[in-house]
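Visitor: This is the structure I want to talk about, given as structure tokens.
The values are calculated or read from the model by the stated rules, or taken from the named source; none is laboratory data. Values in this document were obtained by computation on a predicted structure and should not be read as measured data. Cβ: placed from backbone, ideal geometry, glycine included. Neighbour counts: every protein chain shown.
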Amino acid sequence: MLFRSGGCMDTRPIGVFDSGLGGLTAVRELRRLLPSENIIYFGDTSRVPYGGRSAEILLKYARQDVRFLRTFDIKAILVACGTVSTTALPQLRKESDIPILGVVEPACRRAAAVTRNKRVGLIATAASVRSGAYQRILQELDPDVAVTARACPLFVPLVENGRFRRGDPVIETVAREYLEPLRQEGLDTLILGCTHYPLLTDIIGDIMGPGVTLINASEEGAWELKRTLRSMDLLAPEKQTGQATLCASDQPEDFGALASYFLRETLSHPVRPVDIDRY
């Protein structure tokens, strides 16, 4: 570590993982909020989506993802996956000597703060909805909040296959089928509870209307990580220019082709292939 007045500088990278491309929406926010930080991202593209898996399998996968990231001597991990955040995060934290943060708690805090009529919607994977984690945290934050949750299992595979743009008839049809019942509930706030879903913000916003505030779990998770690093004096020196290293467990070329769109920047290095079963 390099020391400075009032604290220390930590040049070690941040680790981030998700089942596929979705967590890159969190990396994009981290690149904006923490431009000095180096980031190692792992997308488990060989096993995407995570949303339909059992809790036991999700914990197994998450432990492997963490073990891979720990080979880089990272200083913290952001679990940029709503499914793992709702099912495996407490156990991962117990087993770790570095901070491991998820996206669920910060997203819930934001939703509880901005809702006016106390009607909050949640869209997420089947595993996240089934876990009840978002609903439980929101109720703890404000018992008066009524939560309406909807699993959207087709969103992740469609996004992974590049079907996330306005005007695409497939994603727009699926989105309308999922969201129309929620629109009828009179919600004023909707949590995008999977990190793939921010890529669908325009489509979701068109359907839900301007009166519904969309909560981006990726963005809230990135802000939470920034606050944590600052409080623990783990931020990198401001003069450092951070780099993002991307890794994937399958089809790294295809991953890289879509990653630049997710990150809204040109990749400086090829995506690194990873045999995740080794970890």
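Visitor: Say whether the condition of being closer than 19 Å to Ser131 by Cβ and either outside the structural domain of Tyr197 (by TED's automatic domain parsing) or not polar (S, T, N, Q) (or both) is met by at least one residue in the range 29-37.
Guide: no
Visitor: Mind listing whichever residues of the range 49-78 are surrounded by fewer than 21 Cβ atoms within 10 Å (Cβ to Cβ) and β-branched (Val, Ile, Thr)?
Guide: Of everything in the range 49-78, those that are surrounded by fewer than 21 Cβ atoms within 10 Å (Cβ to Cβ) and β-branched (Val, Ile, Thr) turn out to be Ile57, Thr71, Ile74.
Visitor: Here is a follow-up. Before we move on, is Cys247 surrounded by 15 or more Cβ atoms within 10 Å (Cβ to Cβ), assigned by TED's automatic domain parsing to the domain that holds Cys152 and under 21 Å from Asp65 (Cβ atoms)?
Guide: In short, no.
Visitor: Could you check Pro273 against (1) touching a Ser or Thr at 6+ places or on another chain (Cβ under 6 Å); (2) of a type outside the set (Gly, Ala, Ser); (3) at pLDDT 95 or above; (4) not assigned by TED's automatic domain parsing to the domain that holds Gly167 and say which number it fails?
Guide: (1)
So that you can scan it fast, the table gives a plain yes or no per residue for (1) part of a helix (DSSP H, G or I); (2) at pLDDT 95 or above:
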{"position": "Pro49", "(1), (2)": "no, no"}
{"position": "Ala62", "(1), (2)": "yes, yes"}
{"position": "Phe72", "(1), (2)": "no, yes"}
{"position": "Ser96", "(1), (2)": "no, yes"}
{"position": "Val120", "(1), (2)": "no, yes"}
{"position": "Arg130", "(1), (2)": "yes, no"}
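Visitor: Another question, if that's okay. Any idea which residue in the range 90-109 is surrounded by the fewest Cβ atoms within 10 Å (Cβ to Cβ), counting only those that are touching a strand residue (DSSP E or B) at 6+ places or on another chain (Cβ under 6 Å) and among the aliphatic types (A, V, I, L, M)?
Guide: This residue is Ile98.
Visitor: Give the residues of the range 199-216 that are touching a Ser or Thr at 6+ places or on another chain (Cβ under 9 Å) and either at pLDDT 95 or above or not assigned by TED's automatic domain parsing to the domain that holds Asn117 (or both), sorted by residue number.
Guide: Val212, Thr213, Leu214, Ile215, Asn216 - these are the residues of the range 199-216 that are touching a Ser or Thr at 6+ places or on another chain (Cβ under 9 Å) and either at pLDDT 95 or above or not assigned by TED's automatic domain parsing to the domain that holds Asn117 (or both).
Visitor: Within the range 15-29, work out how many residues are among the charged types (D, E, K, R) and under 11 Å from Pro198 (Cβ atoms).
Guide: In the first step, residues of the range 15-29 are kept if they are among the charged types (D, E, K, R); the result is 18, 28-29.
Those left that are additionally under 11 Å from Pro198 (Cβ atoms): 28-29.
Adding up the residues that qualify gives 2.
Visitor: Filter the range 113-128 down to the residues that are of a type outside the set (Ser, Thr, Tyr) and over 11 Å from Val147 (Cα atoms), then identify the one that is surrounded by the most Cβ atoms within 10 Å (Cβ to Cβ).
Guide: Ala124
Visitor: Restricting to the range 110-133, count the residues that are of a type in the set (D, E, K, R), touching a residue at least 24 places away in the same chain (Cβ under 8 Å) and farther than 13 Å from Leu192 by Cα.
Guide: 3
Visitor: Please give the helices (runs of 4 or more DSSP H) falling wholly within the range 153-266 in which 2 or more residues are over 30 Å from Ser36 (Cβ atoms).
Guide: Details: elements: 155-160, 169-183, 201-208, 217-231, 252-263.
It comes to 155-160, 169-183, 201-208.
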